[in-house]
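Working notes for the structure below.
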Amino acid sequence: MKRLSSFALAASAAVFLAAPLFATPDRVKLPAQYSSGFVLYNKVDRPDRKRVRFMYVNPEAHARARPGEILPEGTILIMEDHDVAIGADGNPVLDKDGRLMPTDALTGIFVMEKRTGFGAANELPPDKDNGDWDYAAYKADGSPNSEAKLESCFACHMSRSNRDFTFTYFKNVEDGLPK
């Protein structure tokens with residue numbers, strides 16, 4: 001069995017320590033009572049995952065959001081994943097409008113928060129730099145989901161850099177979401 005040299009061990013440790021820091025629930029908390037205190041601005045059907053996503057925004061940011069402008073400091077966006085009702089035939093149940101019928105069963109909660117300095121603290125490479133946004137994932141019971149691969153949040157949201165790294169919120173603001 002080969003032994004690693006002291007130099008190889010030191011180099012490996014340096015690479016590990018210099019690696020980008022990804023989001024954690026240490027910085028991005030799950031706000032208490034968000035489902036009753038935040039604005040529910042959208043529900044997104046995900047038939048591919050048999051889920052309905054409930055999208056929330058904190059009311060302070062919602063009141064200050066303007067079409068064509070980046071979201072204000074302190075914006076918190078929350079996405080709840082709900083299982084959908086499944087019929088006796090094994091297919092998702094649809095409502096009268098053809099939308100998936102969500103159940104009360106949560107499968108996960110994801111939080112996206114914008115704070116000055118979050119981006120610099122993450123030390124992300126350009127292909128994952130989401131400005132001052134940071135992410136956290138929580139289990140249905142509200143406890144942190146330590147198994148979530150949050151680096152994929154950064155990578156996926158890069159495709160929406162022209163909408164301040166958000167998928168659904170800006171579309172709703174531009175479409176005249178009620179204040």
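Here are the numbers for the structure shown:
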item: Condition check for Lys96: open to solvent by 30 Å² or more (accessible area, probe 1.4 Å) and within 16 Å of the chain's Cα centre (by Cα); result: no
item: Residue in the stretch 41-55 that is touching a residue at least 12 places away in the same chain (Cβ under 8 Å), exposed (fewer than 14 other Cβ atoms within 10 Å of the Cβ) and in contact with a helix residue (DSSP H, G or I) (Cβ under 8 Å, 6 or more places away or on another chain) present; result: no
item: Answer residue from the stretch 99-113, given it is of a type outside the set (A, V, I, L, M, F, W, C) and open to solvent by 20 Å² or more (accessible area, probe 1.4 Å) and is nearest to Gly142 (Cα to Cα) among those; result: Thr107
item: Of the criteria (1) farther than 25 Å from Lys128 by Cβ; (2) modelled with pLDDT of 90 or more; (3) of a type in the set (S, T, N, Q), which one Ser5 fails; result: (2)
item: Number of the condition not met by Arg64 [criteria: (1) free of Cβ contacts under 8 Å to residues at least 12 places away in the same chain; (2) out of contact with any Pro (no Cβ under 8 Å at 6 or more places or on another chain)]; result: (2)
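The values are calculated or read from the model by the stated rules, or taken from the named source; none is laboratory data. The model shown is predicted, which means the values in this text are computed figures rather than measured ones. Cβ: placed from backbone, ideal geometry, glycine included. Neighbour counts: every protein chain shown. The protein model used for the area step is the full one, side chains on, heavy atoms only, and it has no ligands, DNA or RNA in it. Shrake-Rupley method; radii C 1.70, N 1.55, O 1.52, S 1.80 Å.
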